[in-house]
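Working notes, structure below.
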Amino acid sequence: MTPTPHAPLADVDLLTAVEQGRACALAVRLERDLHEVVSRHQDLFVGRSFDPALVSSVAMSVAFTAPEYTAEQLRTTARTVLWVFAADWQIDYLAKTEDDVREVIAGCLAVADGGPPDDGHPLARLLSEIRDELTVASAFAALQPIWRDELGRMFEAMAQEWRWKTTYEAASDPRRVAPTLDEYLANADNVAGVLVSVTHWAHLGAQDSLDHLDDLRVASREVQRAIRLINDLATYQRDLQWGDLNALMLVSDSTDVTARLTTIIASCRDLIRPLETTCPRQAAFLRRQIAFTSGFYQVSDFWGSL
């Protein structure tokens, strides 16, 4: 039997491979920096959940959503994403009481307001390093109140999810005390997508992002709702095992979640479209957040094992 000859690679295939290769190399450089962060904050990144694959996944997520930048330009963004995973772990899994949650949040917000980190708050220590990196950026003086607002929104949403989860686990009829899907999506700041985006834009300081920051934040908030549902649809079994809330637990028909995701993604496109003219790089950053998350969760998950 005569073998069928392979079709020659088209120029577009080669160009795609080159672009992907550069993004992978960028991820490697970011990953090395993140491993150095983890080595300096070992008390924050303990347990199998923070395995090396999580660190590499964080690096890839940043590299593939902003491949046109250098590793130096993306370092603070990548460190912020890693910090968000640590914050989620501290509140969602390590905090046993509402006082524990308040203590973590208070320590971090004190740092965000310019105070020194408490030695007993490892999450605040890493946040202080990120804050110090941002203060060097020329745009941060103007954006600091917005960054602080997004940090507060993230913690408020994480605390709300902690209360929902705790009440849900203790209830004899969990469906009676669960939030609605609308309430759950309104709390999507716990994903911290807008915080990461604002950190990214503040560090880079591009004038077009500063000029259109209000519209960028609105679009980014819709993007994080899409990411929330993409995550939930892919991680339902893990969330059952870990005792996490998931959008699929809040509806009687799973198609309600997929239909809502379709609607939200259409809304994202509508919000991002005008930004493609006014601030194209930032618009691409938001589009790629959805695209990368959609592709990534088809195969894997960020977290390691409990």
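The values are calculated or read from the model by the stated rules, or taken from the named source; none is laboratory data. Quantities reported herein were computed from a predicted structural model and do not represent experimental measurements. Cβ placement follows ideal geometry from the backbone for every residue including glycine, while neighbour counts extend to all protein chains displayed.
Test Asp239 against the stated conditions and say whether it is in contact with a Leu (Cβ under 8 Å, 6 or more places away or on another chain), acidic (Asp, Glu) and either free of Cβ contacts under 8 Å to residues at least 60 places away in the same chain or surrounded by 18 or more Cβ atoms within 10 Å (Cβ to Cβ) (or both).
Numbers: in contact with a Leu (Cβ under 8 Å, 6 or more places away or on another chain): yes; acidic (Asp, Glu): yes; either free of Cβ contacts under 8 Å to residues at least 60 places away in the same chain or surrounded by 18 or more Cβ atoms within 10 Å (Cβ to Cβ) (or both): yes.
Spelling it out, Asp239 is indeed in contact with a Leu (Cβ under 8 Å, 6 or more places away or on another chain), acidic (Asp, Glu) and either free of Cβ contacts under 8 Å to residues at least 60 places away in the same chain or surrounded by 18 or more Cβ atoms within 10 Å (Cβ to Cβ) (or both).
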Where residues in segment 149-170 are surrounded by 17 or more Cβ atoms within 10 Å (Cβ to Cβ) and closer than 13 Å to Leu109 by Cα, which of them is nearest to the chain's Cα centre (by Cα)? Met154
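Looking only at segment 39-56, filter to residues that are touching a residue at least 40 places away in the same chain (Cβ under 8 Å), part of a helix (DSSP H, G or I) and not aromatic (Phe, Trp, Tyr); which one of those is farthest from Trp242 (Cα to Cα)? Even if it seems obvious, please write down each step before you answer.
Within segment 39-56, the first condition is being touching a residue at least 40 places away in the same chain (Cβ under 8 Å), and the residues that meet it are 41, 43-45, 47-51, 53-54.
Filter again for part of a helix (DSSP H, G or I), leaving 48-50, 53-54.
Then keep just the ones that are not aromatic (Phe, Trp, Tyr); that gives 48-49, 53-54.
Numbers: Arg48: 13, Ser49: 11, Ala53: 19, Leu54: 17 Å.
In this case the residue turns out to be Ala53.
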So for segment 180-189 (the condition being assigned to a helix (DSSP H, G or I), within 20 Å of Pro67 (Cβ to Cβ) and out of contact with any Phe, Trp or Tyr (no Cβ under 6 Å at 6 or more places or on another chain)), does at least one residue qualify? no
Filter segment 118-146 for residues that are without any contact (Cβ under 8 Å) to a residue 60 or more places away in the chain, buried (at least 20 other Cβ atoms within 10 Å of the Cβ) and either in contact with a Lys or Arg (Cβ under 6 Å, 6 or more places away or on another chain) or under 22 Å from Val191 (Cβ atoms) (or both) and give the result. Ala124, Leu127, Arg131
So which residues in segment 70-90 are polar (S, T, N, Q) and free of Cβ contacts under 8 Å to residues at least 60 places away in the same chain, if there are any at all? Thr70, Gln90
Looking at (1) assigned to a helix (DSSP H, G or I); (2) among the aliphatic types (A, V, I, L, M); (3) in contact with a helix residue (DSSP H, G or I) (Cβ under 7 Å, 6 or more places away or on another chain); (4) surrounded by fewer than 14 Cβ atoms within 10 Å (Cβ to Cβ), can you tell me which one Leu306 breaks? (1)
Taking Leu306, is it in contact with a Lys or Arg (Cβ under 8 Å, 6 or more places away or on another chain) and more than 30 Å from Ala206 (Cα to Cα)? yes
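Okay, residues lined up against (1) closer than 17 Å to Trp147 by Cβ; (2) touching a Phe, Trp or Tyr at 6+ places or on another chain (Cβ under 9 Å):
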position	(1), (2)
Trp201	yes, yes
Gly205	yes, yes
Arg217	yes, no
Arg228	no, yes
Leu233	no, yes
Arg238	no, yes
Scanning segment 122-157 for residues that are in a loop (DSSP other than H, G, I, E, B) and in contact with a helix residue (DSSP H, G or I) (Cβ under 8 Å, 6 or more places away or on another chain) gives Ala137, Ala139
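Could you check how many residues of segment 242-274 are without any contact (Cβ under 8 Å) to a residue 40 or more places away in the chain, buried (at least 17 other Cβ atoms within 10 Å of the Cβ) and either polar (S, T, N, Q) or over 24 Å from Arg163 (Cα atoms) (or both)? Show your work before the answer.
Narrowing segment 242-274 to residues without any contact (Cβ under 8 Å) to a residue 40 or more places away in the chain: 246, 248, 252-255, 258-259, 261-263, 265-266, 269-270, 273.
Pick out the ones that are also buried (at least 17 other Cβ atoms within 10 Å of the Cβ) and you get 246, 248, 261, 265.
Now narrow it down to the ones that are either polar (S, T, N, Q) or over 24 Å from Arg163 (Cα atoms) (or both): 246, 261, 265.
So the count comes out to 3.
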Check Ala53, Ala63, Ala106 and return the single one that is of a type in the set (Gly, Ala, Ser) and under 21 Å from Val198 (Cβ atoms). Ala63
If you take the residues in segment 94-103 that are under 10 Å from Trp162 (Cβ atoms) and in a helix (DSSP H, G or I), which one is nearest to the chain's Cα centre (by Cα)? Val101
Every residue in segment 151-203 that is closer than 18 Å to Gln90 by Cα and of a type in the set (D, E, K, R), please. Arg153, Glu156, Glu161, Arg163, Lys165, Asp189
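Residue under question is Gln160, and the condition is that it be in contact with a helix residue (DSSP H, G or I) (Cβ under 8 Å, 6 or more places away or on another chain), of a type outside the set (D, E, K, R), on the phi < 0 side of the Ramachandran plot and at pLDDT 95 or above; does it hold? Even if it seems obvious, please write down each step before you answer.
Working: in contact with a helix residue (DSSP H, G or I) (Cβ under 8 Å, 6 or more places away or on another chain): yes; of a type outside the set (D, E, K, R): yes; on the phi < 0 side of the Ramachandran plot: yes; at pLDDT 95 or above: yes.
Answer is yes for this residue.
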